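To keep things clear, I will list the structure first and then write my remarks on it.
Throughout, read-outs are computed from the coordinates displayed, never taken from laboratory work. Computed from a predicted model, the values in this text were never measured in an experiment. Because the Cβ atoms are built from the backbone with ideal geometry, glycine has one as well, and the counts that use them run over all protein chains shown.
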Amino acid sequence: MTHLVAPSLLSADFGQLKQEVEMINNSQADWFHLDVMDGVFVPNITFGFQIIKVVNEYANKPLDVHLMIVQPERYFEQFRDAGADILSIQYEAVTHLHRNIQAIKELGMKAGVVLNPHTNVSVLEDTISDIDLVLIMSVNPGFGGQKFIENTYQKITRLKELILKKKSNALIEVDGGVNLENAPKLIKYGVDVLVAGNTIFSSSDPMETINLLKK
Ligand code: DX5
Ligand code: ZN
């Protein structure tokens, strides 16, 4: 499979949200990545259902929603109704991971699990067969534009081994500090989905940057 690119709207210009969505529609991007933060799980607050609904109204590609919130299970149905196609929850934010994965899938969405930089991939040993996507955080969640953590490469290798061992179909997604320099190496290590915010939206030609990340 050729890798996917998911621009993170966190770094987009929200005063021109419709145009930003249309730019991504017209690019070679595959998904929209939407970062929901609650100011409790992470030291930042972003947006919720209302903004996701607006994106969903104009987007012609799947919405990849990354929840950085405590007790995410309270809102699964509302995120589905807002337009989420893939719903990812932080491993560190939930008690009943297995139950939550099943609940997301029963609502008709793909289920993703996110691991913070300090969380070992081995914690997914007993759930990897049920998971559609594993998102490895390559920065500490909360903000765009941070520096990529180099230890991520060996986590990708260990996750790939676990996926093969358990014959799981889970995709590997990496989020945080992805740029044009580390993207080829990440692909070589087996990443299926690249998330990028700052690299895309702070460039002089965001659409061209998306297309370069696709190459
Ligand atoms: C960070 C978010 C990321 C963020 C990535 O907590 O999960 O999706 O937007 O931004 P960059 O690509 O700028 O590191
Ligand atoms: Zn994210």
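Evaluated with a Cβ-only charge set (Lys, Arg +1; Asp, Glu -1), the chain carries a dipole of roughly 560 debye about its Cα centre, given to the nearest 20.
Work out, step by step, the length gained on full extension between GLU57 and GLN19: first 0.36 nm times the residue separation, then minus their alpha carbon distance; give nm to one decimal. This chain segment gains 12.4 nm when fully extended. Hey, if you put +1 on the Cβ of every Lys and Arg and -1 on every Asp and Glu Cβ in segment 4-214, which of ASN179, SER122, VAL54 ends up farthest toward the positive end of that dipole? Working it through, the farthest residue towards the positive pole turns out to be SER122. Cβ crowding within 10 Å ranks MET109, MET137, MET207 as MET207, MET109, MET137, fewest other Cβ atoms first. Shape of segment 4-214 from its Cα gyration tensor (a ≥ b ≥ c, root eigenvalues): rounded if a/c is under 1.5, otherwise prolate when a/b > b/c, or oblate? Because a/c hits 1.5 or more and a/b fails to exceed b/c, segment 4-214 counts as oblate. Placing R0 at 35 angstrom, the Cβ-Cβ distance between GLN50 and LYS165 gives a FRET efficiency of 0.25 after rounding to 0.05. Sites listed here are GluC sites (Glu not before Pro) in segment 118-202 whose DSSP assignment is loop and whose Cβ has at most 14 other Cβ atoms within 10 Å: GLU125, GLU150, GLU181. Taking each of LYS53/LYS166; LYS61/LYS185; LYS61/LYS188; LYS53/LYS185 in turn, the alpha-carbon distance tops 31 angstrom for LYS53/LYS166; LYS53/LYS185. Oblate is the label for segment 47-159, because the ratio a/c of its alpha-carbon gyration tensor axes (a ≥ b ≥ c) is 1.5 or higher and a/b is not greater than b/c. Of all the options LEU164, LEU115, LEU87, the one that moves most in a Gaussian network model of the chain with Cα springs shorter than 10 angstrom is LEU164.
Note: relative contact order over segment 4-214, using C-alpha pairs below 8 Å and six or more positions apart, is 21 percent.
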